[in-house]
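Read the structure below first, then the notes.
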Amino acid sequence: MKRAPYELTLASRVSSARSEYRFRTADGVVSKQSFREAELLLLDALWDVPLGHFLCLEANYGVVGTVLSEQADSVEMTESSARAAQLCAHNSRENDAGASVSLSSDLTTHERAFDSVAYAPRQYTPLSIGKQRIANALSVLRPNGCLYLAASKQTGLTRYEACLSEIAADVTLVSERGEYQLLEARGHVSDPQTYVTPRRIHATVNGIDLTLLSVPGLFAANALDSGSRLLLETIENEIKDHERVLDLCCGYGAFGVYAASVADCDVWLSDDDCLATACAKRSLRASGVVGTVVTADCVEDSAIPRSVDRILCNPPTHAGTGVLSELFAGARAVLAPNGRLTVVHHRELDLREHLTGFDGTEINHTGSDHVVLNATL
(Lines give C-alpha, C1' and ligand atoms only; values in the text may rest on other atoms or scores of the structure.)
Protein backbone atom coordinates (compact mmCIF):
# COMPACT_ATOMS: atom_id res chain seq x y z
CA MET A 1 0.00 0.00 0.00
CA LYS A 2 1.34 3.43 -0.88
CA ARG A 3 2.45 5.36 2.18
CA ALA A 4 3.89 8.85 2.65
CA PRO A 5 6.40 8.23 5.48
CA TYR A 6 8.43 10.61 7.57
CA GLU A 7 12.22 10.26 7.68
CA LEU A 8 14.37 10.95 10.74
CA THR A 9 18.17 10.96 10.94
CA LEU A 10 20.13 10.25 14.10
CA ALA A 11 23.79 11.29 14.05
CA SER A 12 26.23 9.13 15.99
CA ARG A 13 28.36 10.66 18.74
CA VAL A 14 30.83 7.77 19.04
CA SER A 15 33.51 6.75 16.59
CA SER A 16 32.80 3.04 16.94
CA ALA A 17 29.31 3.37 15.46
CA ARG A 18 28.16 4.18 11.95
CA SER A 19 28.05 7.93 11.28
CA GLU A 20 24.26 8.16 11.14
CA TYR A 21 21.11 6.10 11.33
CA ARG A 22 18.00 6.71 9.23
CA PHE A 23 14.52 5.86 10.42
CA ARG A 24 11.24 5.76 8.58
CA THR A 25 8.17 6.67 10.61
CA ALA A 26 4.53 7.25 9.71
CA ASP A 27 1.16 8.38 11.01
CA GLY A 28 -0.08 5.98 13.63
CA VAL A 29 3.17 5.54 15.60
CA VAL A 30 4.41 7.46 18.62
CA SER A 31 6.65 10.50 18.07
CA LYS A 32 6.65 10.23 14.29
CA GLN A 33 8.51 13.53 13.74
CA SER A 34 11.11 13.46 16.51
CA PHE A 35 13.00 10.94 18.60
CA ARG A 36 11.65 10.12 22.05
CA GLU A 37 13.73 11.39 24.96
CA ALA A 38 13.34 8.09 26.81
CA GLU A 39 14.82 6.19 23.87
CA LEU A 40 17.74 8.62 23.55
CA LEU A 41 18.43 8.13 27.26
CA LEU A 42 18.55 4.37 26.72
CA LEU A 43 21.00 4.79 23.83
CA ASP A 44 23.36 7.04 25.78
CA ALA A 45 23.34 4.90 28.91
CA LEU A 46 23.53 1.45 27.32
CA TRP A 47 26.01 2.00 24.49
CA ASP A 48 28.96 0.68 26.54
CA VAL A 49 26.96 -1.91 28.51
CA PRO A 50 27.45 -5.61 27.63
CA LEU A 51 23.88 -6.38 26.55
CA GLY A 52 24.32 -9.98 25.39
CA HIS A 53 21.08 -11.28 23.95
CA PHE A 54 18.99 -8.13 24.03
CA LEU A 55 15.21 -7.62 23.88
CA CYS A 56 13.68 -4.24 23.05
CA LEU A 57 10.11 -4.25 24.31
CA GLU A 58 7.44 -2.14 22.54
CA ALA A 59 10.14 -0.96 20.16
CA ASN A 60 8.02 1.66 18.34
CA TYR A 61 9.83 2.19 15.01
CA GLY A 62 13.02 0.52 16.18
CA VAL A 63 15.44 3.24 17.34
CA VAL A 64 16.83 1.48 20.43
CA GLY A 65 17.04 -1.99 18.94
CA THR A 66 18.56 -0.78 15.68
CA VAL A 67 21.31 1.35 17.21
CA LEU A 68 22.24 -1.01 20.04
CA SER A 69 22.46 -3.98 17.68
CA GLU A 70 26.07 -2.86 17.14
CA GLN A 71 26.79 -3.57 20.81
CA ALA A 72 24.60 -6.59 21.55
CA ASP A 73 25.22 -10.22 20.61
CA SER A 74 21.70 -10.36 19.18
CA VAL A 75 18.63 -8.13 19.22
CA GLU A 76 14.94 -8.90 19.14
CA MET A 77 12.33 -6.16 18.97
CA THR A 78 8.72 -6.81 19.92
CA GLU A 79 5.72 -4.65 19.14
CA SER A 80 1.99 -4.91 19.82
CA SER A 81 1.24 -2.74 16.75
CA ALA A 82 1.44 -4.31 13.29
CA ARG A 83 2.29 -0.95 11.74
CA ALA A 84 5.11 -0.28 14.19
CA ALA A 85 6.46 -3.81 13.74
CA GLN A 86 6.66 -3.25 9.97
CA LEU A 87 8.61 -0.03 10.56
CA CYS A 88 10.96 -1.80 12.99
CA ALA A 89 11.72 -4.45 10.39
CA HIS A 90 12.27 -1.86 7.65
CA ASN A 91 14.55 0.30 9.78
CA SER A 92 16.57 -2.69 10.95
CA ARG A 93 17.18 -3.72 7.33
CA GLU A 94 17.98 -0.23 6.09
CA ASN A 95 20.56 0.30 8.85
CA ASP A 96 22.06 -3.21 8.51
CA ALA A 97 21.14 -3.94 12.11
CA GLY A 98 20.24 -7.61 11.72
CA ALA A 99 17.62 -7.42 14.47
CA SER A 100 14.63 -9.72 14.45
CA VAL A 101 11.13 -8.34 14.93
CA SER A 102 8.06 -10.06 16.33
CA LEU A 103 4.46 -8.95 16.72
CA SER A 104 3.52 -9.88 20.26
CA SER A 105 1.63 -8.72 23.33
CA ASP A 106 2.54 -11.62 25.64
CA LEU A 107 6.18 -12.31 26.46
CA THR A 108 5.29 -15.23 28.71
CA THR A 109 4.93 -17.46 25.65
CA HIS A 110 8.41 -16.48 24.43
CA GLU A 111 10.72 -19.48 24.11
CA ARG A 112 13.97 -17.54 24.43
CA ALA A 113 15.68 -16.06 27.50
CA PHE A 114 17.51 -12.72 27.34
CA ASP A 115 20.45 -11.14 29.12
CA SER A 116 18.93 -7.67 28.97
CA VAL A 117 15.61 -6.01 28.19
CA ALA A 118 14.89 -2.33 27.47
CA TYR A 119 11.47 -0.73 27.85
CA ALA A 120 10.36 2.91 27.45
CA PRO A 121 6.63 3.08 28.28
CA ARG A 122 4.52 5.43 26.19
CA GLN A 123 2.67 8.31 27.78
CA TYR A 124 -0.83 6.89 27.41
CA THR A 125 -0.04 3.27 28.28
CA PRO A 126 -2.41 2.22 31.11
CA LEU A 127 -0.40 1.52 34.25
CA SER A 128 -1.76 -2.01 34.54
CA ILE A 129 -0.59 -2.77 31.00
CA GLY A 130 2.84 -1.24 31.67
CA LYS A 131 3.22 -3.21 34.91
CA GLN A 132 2.25 -6.42 33.13
CA ARG A 133 4.89 -5.79 30.48
CA ILE A 134 7.50 -5.20 33.19
CA ALA A 135 6.57 -8.39 35.03
CA ASN A 136 6.55 -10.40 31.81
CA ALA A 137 9.92 -8.92 30.80
CA LEU A 138 11.46 -10.05 34.09
CA SER A 139 10.12 -13.55 33.38
CA VAL A 140 12.15 -13.86 30.16
CA LEU A 141 15.40 -12.63 31.75
CA ARG A 142 18.17 -15.07 32.46
CA PRO A 143 19.38 -15.26 36.09
CA ASN A 144 21.25 -12.03 36.88
CA GLY A 145 19.87 -10.43 33.71
CA CYS A 146 18.90 -6.73 33.64
CA LEU A 147 15.74 -4.87 32.77
CA TYR A 148 16.32 -1.22 31.83
CA LEU A 149 13.28 1.03 32.14
CA ALA A 150 13.32 4.66 30.94
CA ALA A 151 10.38 6.79 32.04
CA SER A 152 9.26 10.13 33.44
CA LYS A 153 6.51 10.93 35.94
CA GLN A 154 4.22 11.60 32.97
CA THR A 155 4.79 8.05 31.74
CA GLY A 156 4.36 6.40 35.14
CA LEU A 157 7.89 6.45 36.55
CA THR A 158 6.89 6.54 40.22
CA ARG A 159 4.48 3.62 40.00
CA TYR A 160 6.75 1.59 37.73
CA GLU A 161 9.59 2.05 40.19
CA ALA A 162 7.32 0.86 42.99
CA CYS A 163 6.31 -2.15 40.89
CA LEU A 164 9.95 -3.05 40.23
CA SER A 165 10.80 -2.68 43.90
CA GLU A 166 8.10 -5.21 44.74
CA ILE A 167 9.01 -7.91 42.22
CA ALA A 168 12.67 -7.46 41.22
CA ALA A 169 15.68 -8.46 43.31
CA ASP A 170 17.42 -5.09 43.02
CA VAL A 171 16.52 -1.70 41.51
CA THR A 172 19.00 1.15 40.96
CA LEU A 173 19.01 4.53 39.25
CA VAL A 174 21.45 4.40 36.32
CA SER A 175 21.07 7.75 34.59
CA GLU A 176 18.92 10.86 34.20
CA ARG A 177 18.08 13.08 31.22
CA GLY A 178 15.84 16.04 31.95
CA GLU A 179 12.65 14.68 33.51
CA TYR A 180 13.48 11.11 32.48
CA GLN A 181 15.22 8.49 34.61
CA LEU A 182 16.72 5.16 33.64
CA LEU A 183 16.23 2.36 36.17
CA GLU A 184 18.07 -0.96 36.20
CA ALA A 185 16.26 -3.93 37.72
CA ARG A 186 17.88 -7.31 38.27
CA GLY A 187 16.36 -10.67 38.93
CA HIS A 188 14.42 -13.30 37.01
CA VAL A 189 10.73 -13.76 37.89
CA SER A 190 9.59 -17.29 37.15
CA ASP A 191 5.88 -16.72 37.76
CA PRO A 192 4.93 -13.14 36.82
CA GLN A 193 2.11 -11.50 38.73
CA THR A 194 -1.11 -10.77 36.86
CA TYR A 195 -1.90 -7.06 36.63
CA VAL A 196 -4.37 -7.19 33.73
CA THR A 197 -7.63 -9.12 33.90
CA PRO A 198 -9.95 -8.90 30.88
CA ARG A 199 -13.17 -6.99 31.55
CA ARG A 200 -16.46 -8.57 30.54
CA ILE A 201 -18.90 -6.26 28.78
CA HIS A 202 -22.54 -7.28 28.30
CA ALA A 203 -24.50 -5.37 25.69
CA THR A 204 -27.84 -5.95 23.99
CA VAL A 205 -28.28 -4.44 20.52
CA ASN A 206 -31.35 -5.00 18.36
CA GLY A 207 -32.37 -7.78 20.75
CA ILE A 208 -29.02 -9.57 20.32
CA ASP A 209 -27.00 -10.23 23.48
CA LEU A 210 -23.27 -9.66 23.05
CA THR A 211 -20.56 -10.71 25.49
CA LEU A 212 -17.37 -8.78 24.85
CA LEU A 213 -13.95 -8.95 26.55
CA SER A 214 -11.76 -5.86 26.91
CA VAL A 215 -8.60 -4.64 28.65
CA PRO A 216 -7.46 -1.15 29.72
CA GLY A 217 -6.18 0.98 26.86
CA LEU A 218 -8.58 -0.28 24.21
CA PHE A 219 -11.17 2.09 22.78
CA ALA A 220 -14.36 2.12 24.91
CA ALA A 221 -12.75 -0.36 27.30
CA ASN A 222 -15.57 -0.27 29.87
CA ALA A 223 -18.73 -0.33 27.72
CA LEU A 224 -19.91 -0.47 24.14
CA ASP A 225 -19.59 3.10 22.87
CA SER A 226 -22.54 5.07 21.52
CA GLY A 227 -21.09 5.35 18.00
CA SER A 228 -20.64 1.60 17.61
CA ARG A 229 -24.10 1.00 19.03
CA LEU A 230 -25.58 3.50 16.54
CA LEU A 231 -23.91 1.72 13.61
CA LEU A 232 -25.26 -1.66 14.72
CA GLU A 233 -28.75 -0.26 15.28
CA THR A 234 -28.61 1.30 11.82
CA ILE A 235 -27.81 -1.98 10.04
CA GLU A 236 -30.47 -4.05 11.83
CA ASN A 237 -31.65 -6.90 9.52
CA GLU A 238 -29.13 -5.90 6.81
CA ILE A 239 -26.53 -8.64 7.28
CA LYS A 240 -27.50 -11.72 5.26
CA ASP A 241 -26.56 -15.37 5.31
CA HIS A 242 -23.48 -16.31 3.27
CA GLU A 243 -22.11 -12.76 3.19
CA ARG A 244 -18.39 -12.17 3.78
CA VAL A 245 -18.14 -9.53 6.50
CA LEU A 246 -15.03 -7.68 7.67
CA ASP A 247 -14.94 -5.89 11.03
CA LEU A 248 -12.15 -3.41 10.23
CA CYS A 249 -10.38 -1.77 13.21
CA CYS A 250 -12.30 -4.29 15.28
CA GLY A 251 -11.08 -3.39 18.78
CA TYR A 252 -12.53 -6.07 21.04
CA GLY A 253 -14.79 -7.23 18.25
CA ALA A 254 -18.29 -5.82 18.74
CA PHE A 255 -19.16 -5.60 15.03
CA GLY A 256 -17.76 -9.02 14.15
CA VAL A 257 -19.48 -10.71 17.10
CA TYR A 258 -22.78 -9.05 16.16
CA ALA A 259 -22.52 -10.08 12.49
CA ALA A 260 -21.72 -13.68 13.40
CA SER A 261 -24.65 -13.69 15.86
CA VAL A 262 -27.35 -12.49 13.45
CA ALA A 263 -26.50 -14.38 10.26
CA ASP A 264 -24.81 -17.48 8.92
CA CYS A 265 -22.02 -15.43 7.41
CA ASP A 266 -18.23 -15.63 7.19
CA VAL A 267 -16.65 -13.04 9.48
CA TRP A 268 -13.15 -11.61 9.69
CA LEU A 269 -12.03 -9.21 12.41
CA SER A 270 -8.89 -7.11 11.94
CA ASP A 271 -7.00 -4.59 14.05
CA ASP A 272 -3.49 -3.12 14.18
CA ASP A 273 -3.18 -3.84 17.92
CA CYS A 274 -2.63 -7.41 19.06
CA LEU A 275 -4.02 -6.56 22.50
CA ALA A 276 -7.27 -5.73 20.68
CA THR A 277 -7.24 -8.85 18.53
CA ALA A 278 -6.53 -11.04 21.58
CA CYS A 279 -9.68 -9.56 23.14
CA ALA A 280 -11.64 -10.02 19.90
CA LYS A 281 -10.82 -13.74 20.00
CA ARG A 282 -12.07 -13.91 23.59
CA SER A 283 -15.25 -12.02 22.62
CA LEU A 284 -16.04 -14.52 19.87
CA ARG A 285 -15.58 -17.44 22.26
CA ALA A 286 -17.58 -15.77 25.05
CA SER A 287 -20.46 -15.06 22.65
CA GLY A 288 -20.38 -18.56 21.20
CA VAL A 289 -19.76 -17.51 17.59
CA VAL A 290 -17.01 -18.11 15.05
CA GLY A 291 -14.78 -15.69 13.14
CA THR A 292 -11.24 -15.27 11.89
CA VAL A 293 -9.18 -12.69 13.79
CA VAL A 294 -6.17 -11.03 12.17
CA THR A 295 -3.62 -8.54 13.51
CA ALA A 296 -2.78 -6.31 10.54
CA ASP A 297 -1.89 -2.78 9.50
CA CYS A 298 -5.12 -1.74 7.76
CA VAL A 299 -5.82 -4.72 5.43
CA GLU A 300 -2.19 -5.69 4.82
CA ASP A 301 -2.40 -9.37 5.66
CA SER A 302 -2.98 -12.37 3.41
CA ALA A 303 -5.47 -13.82 5.92
CA ILE A 304 -7.91 -11.02 5.06
CA PRO A 305 -9.84 -12.01 1.91
CA ARG A 306 -9.41 -9.89 -1.18
CA SER A 307 -13.15 -9.78 -1.77
CA VAL A 308 -15.69 -9.08 0.99
CA ASP A 309 -19.34 -8.11 0.71
CA ARG A 310 -19.60 -5.85 3.73
CA ILE A 311 -17.13 -3.87 5.83
CA LEU A 312 -18.10 -2.39 9.21
CA CYS A 313 -15.74 0.20 10.66
CA ASN A 314 -15.39 2.61 13.56
CA PRO A 315 -12.09 4.12 12.35
CA PRO A 316 -9.25 5.44 14.55
CA THR A 317 -9.75 9.07 13.59
CA HIS A 318 -7.11 10.13 16.13
CA ALA A 319 -4.37 8.24 14.27
CA GLY A 320 -3.85 10.86 11.55
CA THR A 321 -4.90 11.47 7.97
CA GLY A 322 -2.24 9.12 6.64
CA VAL A 323 -3.72 6.16 8.50
CA LEU A 324 -7.26 7.06 7.43
CA SER A 325 -6.29 7.42 3.78
CA GLU A 326 -4.56 4.03 3.80
CA LEU A 327 -7.38 2.44 5.74
CA PHE A 328 -10.12 3.45 3.31
CA ALA A 329 -7.96 2.79 0.24
CA GLY A 330 -7.44 -0.72 1.61
CA ALA A 331 -11.15 -1.12 2.29
CA ARG A 332 -11.92 -0.12 -1.29
CA ALA A 333 -9.35 -2.64 -2.57
CA VAL A 334 -10.91 -5.62 -0.76
CA LEU A 335 -14.58 -4.68 -1.19
CA ALA A 336 -16.39 -6.80 -3.77
CA PRO A 337 -18.34 -5.16 -6.62
CA ASN A 338 -21.64 -3.91 -5.18
CA GLY A 339 -20.18 -4.33 -1.72
CA ARG A 340 -20.80 -1.83 1.07
CA LEU A 341 -18.59 -0.07 3.59
CA THR A 342 -20.48 1.23 6.64
CA VAL A 343 -18.59 3.74 8.79
CA VAL A 344 -19.44 5.62 11.98
CA HIS A 345 -17.71 8.83 13.03
CA HIS A 346 -18.30 11.94 15.13
CA ARG A 347 -20.58 14.53 13.53
CA GLU A 348 -17.93 17.26 13.55
CA LEU A 349 -15.55 15.20 11.40
CA ASP A 350 -15.62 15.06 7.62
CA LEU A 351 -14.27 11.87 6.07
CA ARG A 352 -15.35 12.59 2.49
CA GLU A 353 -11.80 13.27 1.26
CA HIS A 354 -10.83 9.73 2.28
CA LEU A 355 -13.81 8.17 0.48
CA THR A 356 -13.45 9.79 -2.93
CA GLY A 357 -12.43 6.48 -4.53
CA PHE A 358 -15.84 4.93 -3.90
CA ASP A 359 -18.59 5.20 -6.50
CA GLY A 360 -21.09 6.59 -4.05
CA THR A 361 -21.40 7.73 -0.45
CA GLU A 362 -24.52 8.57 1.51
CA ILE A 363 -25.45 9.35 5.08
CA ASN A 364 -27.36 6.42 6.50
CA HIS A 365 -28.24 7.86 9.88
CA THR A 366 -27.40 10.90 12.00
CA GLY A 367 -27.43 10.60 15.78
CA SER A 368 -26.88 13.17 18.49
CA ASP A 369 -23.09 12.81 18.34
CA HIS A 370 -22.33 10.47 15.44
CA VAL A 371 -22.99 9.93 11.76
CA VAL A 372 -23.28 6.56 10.03
CA LEU A 373 -22.52 6.61 6.34
CA ASN A 374 -22.36 4.05 3.55
CA ALA A 375 -19.84 3.90 0.72
CA THR A 376 -20.36 1.58 -2.22
CA LEU A 377 -18.56 0.38 -5.34
Do you know which residues across the range 290-339 are of a type in the set (D, E, K, R) and open to solvent by 10 Å² or more (accessible area, probe 1.4 Å)? E300, D301, R306, D309, R310, E326, R332
Going by the structure shown, is S226 open to solvent by 50 Å² or more (accessible area, probe 1.4 Å), in contact (Cβ under 8 Å) with a residue 24 or more places away in the chain and among the small types (G, A, S)? yes
When the residues of the range 268-289 are filtered to those that are within 20 Å of D309 (Cα to Cα) and open to solvent by 10 Å² or more (accessible area, probe 1.4 Å), which remaining residue is farthest from the chain's Cα centre (by Cα)? V289
If L213 meets every condition in (1) over 18 Å from G145 (Cβ atoms); (2) among the aliphatic types (A, V, I, L, M); (3) open to solvent by less than 10 Å² (accessible area, probe 1.4 Å); (4) in contact (Cβ under 8 Å) with a residue 60 or more places away in the chain apart from one, which number is that one? (3)
Tell me, yes or no, whether the range 7-23 has at least one residue that is under 28 Å from D106 (Cβ atoms) and surrounded by 18 or more Cβ atoms within 10 Å (Cβ to Cβ). yes
Does the range 216-228 contain any residue that is within 17 Å of the chain's Cα centre (by Cα) and among the polar types (S, T, N, Q)? no
Residues that are of a type in the set (S, T, N, Q), at least 1 per element: which strands (runs of 3 or more DSSP E) completely within the range 1-92 meet that? 6-11, 20-25, 74-79
Scan the range 362-373 and report the pairs whose first residue is without any contact (Cβ under 8 Å) to a residue 12 or more places away in the chain and under 11 Å from V343 (Cα atoms) and whose second residue is of a type outside the set (K, R) and assigned to a strand (DSSP E or B), with Cβ atoms within less than 7 Å and a gap of 6+ or a chain change. I363/V371; I363/L373
In this structure, does P121 turn out to be of a type outside the set (K, R), surrounded by fewer than 20 Cβ atoms within 10 Å (Cβ to Cβ) and either closer than 27 Å to T295 by Cα or modelled with pLDDT of 95 or more (or both)? no
Which number in (1) open to solvent by less than 70 Å² (accessible area, probe 1.4 Å); (2) touching a residue at least 60 places away in the same chain (Cβ under 8 Å) marks the one condition that E37 misses? (1)
Mind listing whichever residues of the range 62-108 are open to solvent by 50 Å² or more (accessible area, probe 1.4 Å) and among the charged types (D, E, K, R)? E70, D73, R93, E94, D96, D106
Can you name the residue in the range 340-369 that is outside any loop (DSSP other than H, G, I, E, B) and open to solvent by less than 20 Å² (accessible area, probe 1.4 Å) and is also farthest from C249 (Cα to Cα) among such residues? H354
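Please indicate, with yes or no, whether at least one residue in the range 229-239 is open to solvent by less than 50 Å² (accessible area, probe 1.4 Å) and under 23 Å from D273 (Cα atoms).
Yes, some residue in the range 229-239 is open to solvent by less than 50 Å² (accessible area, probe 1.4 Å) and under 23 Å from D273 (Cα atoms).
The values are calculated or read from the model by the stated rules, or taken from the named source; none is laboratory data. Quick caveat: nothing in here was measured; it's all calculated off a predicted structure. Glycine gets a Cβ as well: all are built from the backbone with ideal geometry, and neighbour counts include every protein chain shown. Quick note on the areas: whole protein, heavy atoms, side chains included, nothing else; ligands and nucleic acids left out. Shrake-Rupley method; radii C 1.70, N 1.55, O 1.52, S 1.80 Å.
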